[in-house]
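The values are calculated or read from the model by the stated rules, or taken from the named source; none is laboratory data. This structure is a prediction, so every number in the text was calculated from the model and none was measured. Neighbour counts are summed over all protein chains in view; Cβ atoms, including those assigned to glycine, are modelled from backbone coordinates with ideal geometry. SASA here: full protein model, heavy atoms, side chains in, ligands and nucleic acids out. Shrake-Rupley method; radii C 1.70, N 1.55, O 1.52, S 1.80 Å.
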Amino acid sequence: MMARHGGLLPQAKHLRPVLAKRPLERGHPDSDNGFMSYQIPPDLEARVQAQVDTGRFVCIDDVVREALDTLEKRQRGLVELQEMVREAEADVAAGRLAEFDIDRTIKAIDARLSQ
């Protein structure tokens with residue numbers, strides 16, 4: 001068993017040994033000499049290793065970093081989309097409506113995608 005955050009968590013049998021270590025702030029509950037240890041199941045290990053094997057990534061850390069960067073970008077996009085929906089709902093509630101023009105809409109979408 002591994003102590004974590006004042007409690008005990010059982011070690012899962014399907015988890016592999018530590019694959020990589022990343023720096024953590026001193027005093028962090030998961031800190032082990034300044035690095036966070038993490039374990040992943042075999043199916044994810046194979047996927048990560050396949051990415052390294054393509055030659056695009058030098059090491060496992062690079063795959064994890066890219067995956068997190070992509071996840072964070074997606075999350076930012078979802079937040080922006082939610083804000084756009086809120087603004088649109090506020091416009092409808094306030095009666096700020098306009099006739100729908102498909103050509104103008106397509107041009108606006110194309111312009112936004114080209115940014």
Problem set entry | Lone qualifier among GLU45, GLU89 - being on the phi < 0 side of the Ramachandran plot and either open to solvent by less than 60 Å² (accessible area, probe 1.4 Å) or touching a strand residue (DSSP E or B) at 6+ places or on another chain (Cβ under 9 Å) (or both) | GLU45
For this session: Any residue in the range 51-65 that's farther than 15 Å from SER37 by Cα and without any contact (Cβ under 8 Å) to a residue 12 or more places away in the chain: show its pairings with residues that are open to solvent by 50 Å² or more (accessible area, probe 1.4 Å) and outside any loop (DSSP other than H, G, I, E, B) at Cβ separation under 8 Å, as long as the two are six or more apart or on different chains.
Result: PHE57/GLN51; PHE57/GLU66
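I want to confirm something. Restricting to the range 23-36 and keeping residues that are open to solvent by less than 50 Å² (accessible area, probe 1.4 Å) and small (Gly, Ala, Ser), which single residue is modelled with the highest pLDDT? Full working, then the answer.
In the first step, residues of the range 23-36 are kept if they are open to solvent by less than 50 Å² (accessible area, probe 1.4 Å); the result is 24, 30-31, 34.
The next check asks that each one be small (Gly, Ala, Ser); those that pass are 31, 34.
Values: SER31: 53, GLY34: 64.
Only one residue fits best here, namely GLY34.
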Problem set entry | Residues that are β-branched (Val, Ile, Thr) and either assigned to a loop (DSSP other than H, G, I, E, B) or closer than 30 Å to ARG112 by Cβ (or both), drawn from the range 50-86 | THR54, VAL58, THR70, VAL79, VAL85
For this session: Considering every residue within the range 65-77, establish whether at least one is among the aliphatic types (A, V, I, L, M) and modelled with pLDDT under 95.
Result: no
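Anything in the range 67-115 that is of a type outside the set (A, V, I, L, M) and within 30 Å of GLU45 (Cα to Cα)? List them, or say none. Step through it out loud before you land on a result.
Quick first cut of the range 67-115, residues of a type outside the set (A, V, I, L, M) only: 69-70, 72-77, 80, 82-83, 86-87, 89, 91, 95-96, 99-101, 103-105, 107, 110, 112, 114-115.
Listed by number, the residues that qualify are ASP69, THR70, GLU72, LYS73, ARG74, GLN75, ARG76, GLY77.
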